[in-house]
Amino acid sequence: MRIMAILGAFVFSANKKEFHNMEKTTKYHFAKIDKISTDAEYHAVGGKEERRTVSGRINVLESGSEPLAVLETMAELKLEYPLFLGNGRYLGLFIIEEVGIKESKIIDNGAGVQIDFSIKIIRTDGGLLSWLKSQNISLGGLL
């Protein structure tokens, strides 16, 4: 089994539970201060917000009858889970915001043979820079 990524206890693996897309959106927060007779000013407030959407397709005949059951259970527990890529790269701690499932190629017992899925997750840790700040580690005055 070739591991593509691991989110908590859920393993994305090539040819069984694989994803085809991983989108990352990072939102930086600013407060707008309107001025009279001049341009508005923007000031950075708060941290950043990182969201990821992972989507793909599962063939039920190759991956078992309930391939997303573990993932749905994890979402219902509402805990943070670490996300690692298959090469060992750590992407952070995430909560599962949404799980979307679309079954197709329905067979005679009513089960879908092909499942398209999307998972929306939100990063809950502040990343490396946040950790460095919490440890009072300076990078030559950059922090």
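Nothing in this text is a laboratory measurement; each read-out follows from the coordinates by a stated rule. For clarity, every value in this text was computed on a predicted model and none was experimentally measured. Backbone-built Cβ (ideal geometry, glycine too); neighbour counts: all protein chains shown.
Within the shell of other residues whose beta carbon sits under 9 angstrom from the beta carbon of Glu49, the net charge comes to +3, with Lys and Arg scored +1 and Asp and Glu -1. Taking other residues whose beta carbon is less than 12 angstrom from the beta carbon of Glu103, and scoring Lys, Arg as +1 and Asp, Glu as -1, yields +1. Amide H contacts under 5 Å for Glu18: Ser13, Arg57, restricted to partners 5 or more places along the chain or on a different chain, H placed in the peptide plane at 1.01 Å from N. For Lys32, the aspartates and glutamates whose Cα comes closer than 13 Å to its Cα, not counting residues fewer than 8 places off in the same chain, are Glu41. For a straight C-alpha distance cut-off of 17 angstrom, the aspartates and glutamates reachable from Lys120 (same-chain residues fewer than eight places away being disregarded) are Glu18, Glu23, Glu49, Glu50, Glu72, Glu76, Glu80, Glu97, Glu98. Packing-based ranking of 48-55, 18-25 yields 48-55, 18-25, ordered from highest to lowest mean Cβ neighbour count within 10 Å. Scanning residues 5 or more positions from Ala5 or on other chains, those with amide H under 5 Å from its amide H are Phe12, Gly86, with H placed 1.01 Å from N in the peptide plane. Stretching the chain fully between Glu80 and Val99 yields a gain of 5.3 nm (0.36 nm per residue, less the alpha carbon separation).
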